[in-house]
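> Below you will find the structure I want to go over with you.
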Amino acid sequence: MAQPGCMSLLYFLPNAQATDASCIDRFGLRPILPACQRRETLRGPTGGQGALVTATGNPPPLYRADSQTWQQRHGTDAWIGIDHDQPVTPKSLLRSDAVPGPAVVLADGQHWFIPQLRGFDRDPSDGPLGYHTLLDQRMQIDPASGRLRPGAVVSQFAAIWEQAVAIGDHLLQQIEQRTEATLDPKQTTDFIVACLQLNYRVQLPEIDLLGLLTRDLQFEVLKAALDWDGMRSALGNRQGRRHSDGTPSDSGPSPPPPANTTPTDPPSES
């Protein structure tokens, strides 16, 4: 529930006389409005009648052009708005089943929790650098032991985990080869939007209206989701052992290696 004095996003559905499930589906809002409060109005941002809708527990405020900002949701007939007297907070959009992760300050100056999708294993050898998912997993039979063990991520996380693996492995390969870490811009943006959607009731139009992202901030979200610091630390420890005496060691973290051998910069878009 939104904090007192704060409001979730506002929506205007032109000519809508009801806001049942079929109406919400018709305007493409089901993923971000599982439940809503509404107010009928004779005049909305289009100049015509319809329904004002919000996801908070209180009815939406009246339409006021002088203190609200509205824009049409891309690809739909619905409009999306914010009331400047009742600012939108991340808490008002947070999903009840949000995935834990670090908070990142986005371009609106507020802290948004980014789902951390993976963590890096302790690095005892010079073999492939291992990581594990932090998302929920199905319990599956291990053919070797016949016992249940964590297996594939649950279906609701399958798509975003596939994105995380593809982007993360690509970055890791480039970094281990000591080449500049670059990413496909569309692939990167799609992944970052998916991360925000996982924890918040937002899609592209909401992210746009709230002004959450800049080009640089995209990579802060990506780094939080993929445990960039954990990866950098694991690689740095491994390289530090190599520089100490030329042989692997499990004696713990070594002093930082030379700057040109440890990844310190975020990836760039190619």
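> For region 24-178, evaluate the Debye formula with one uniform point scatterer on each Cα (no solvent term) and list log10 I(q)/I(0) at q = 0.10, 0.12, 0.15 Å⁻¹, rounded to two decimals.
Computed log10 I(q)/I(0) values: -0.60, -0.77, -0.99.
> Given R₀ = 25 Å, what would the calculated FRET efficiency be for residue 144 paired with residue 166, taking r from the Cβ atoms and rounding to 0.05?
The calculated FRET efficiency here is 0.35.
> In whole Hz, with x marking every Gly and Pro, tabulate ³J(HN,Hα) for region 203-215 from phi via Karplus 6.51 cos²θ - 1.76 cosθ + 1.60, θ = phi - 60°.
Per-residue couplings from phi come out as 10, 3, x, 5, 4, 5, 5, 6, x, 7, 10, 10, 4 Hz.
> Another question about this same structure. About its Cα centre, how strong a charge dipole does region 61-124 have in debye, to the nearest 20, once Lys and Arg get +1 and Asp and Glu get -1 at the Cβ?
140
> Hey, any idea what Rg/Rh is for region 1-104, computing Rh the Kirkwood way over Cα pairs? Intermediate values should be presented prior to the final figure.
Details: Rg = 13.6 Å, Rh = 14.1 Å.
My calculation of the ratio gives 0.96.
> Moving to a separate point now. So, with a 1.4 angstrom probe, what is the percent of accessible area on region 143-228 that is carbon and sulfur?
50
> Label region 34-84 by shape, choosing from rounded, prolate and oblate, from the square roots a ≥ b ≥ c of the eigenvalues of the Cα gyration tensor; if a/c is under 1.5 it is rounded, and otherwise prolate applies when a/b is larger than b/c, oblate when it is not.
Because its axes are fairly even, with a/c under 1.5, region 34-84 counts as rounded.
> Would you mind pulling out the separation of the Cα centroids of region 77-92 and region 196-238, in Å?
What the calculation gives is 22 Å, centre to centre.
> Taking Cα pairs under 8 Å and at least six residues apart, what relative contact order does region 1-64 come out at, in percent?
The normalised contact order for region 1-64 reaches 39 percent.
> Sort 148-159, 68-79 by packing, meaning the average of other beta carbons within 10 Å per residue, with the highest value first.
Going by the mean number of other Cβ atoms within 10 Å, highest first, we get 68-79, 148-159.
> Relative contact order of region 80-228: what whole-number percent is it, with Cα pairs under 8 angstrom and at least 6 residues apart?
32
> Scale the Cα Rg of region 53-140 by the rule-of-thumb value 2.2 N^0.38 Å and send over the ratio, two decimals.
Details: Rg = 20.1 Å, N = 88, 2.2 N^0.38 = 12.1 Å.
For region 53-140, the normalised Cα radius of gyration comes out at 1.67.
> What distance in nm separates the two pseudo spin-label positions at residue 76 and residue 42, each 7 Å out from Cα along the beta-carbon direction?
A separation of 2.8 nm, rounded to one decimal place.
> Say R0 is 30 Å: what FRET efficiency, to the nearest 0.05, do residue 180 and residue 233 get from their beta-carbon distance?
On the way: r = 20 Å, r/R0 = 0.67.
FRET efficiency, residue 180 to residue 233: 0.90.
The values are calculated or read from the model by the stated rules, or taken from the named source; none is laboratory data. Computed from a predicted structure; not experimentally measured. Neighbour counts are summed over all protein chains in view; Cβ atoms, including those assigned to glycine, are modelled from backbone coordinates with ideal geometry. Quick note on the areas: whole protein, heavy atoms, side chains included, nothing else; ligands and nucleic acids left out. Shrake-Rupley method; radii C 1.70, N 1.55, O 1.52, S 1.80 Å.
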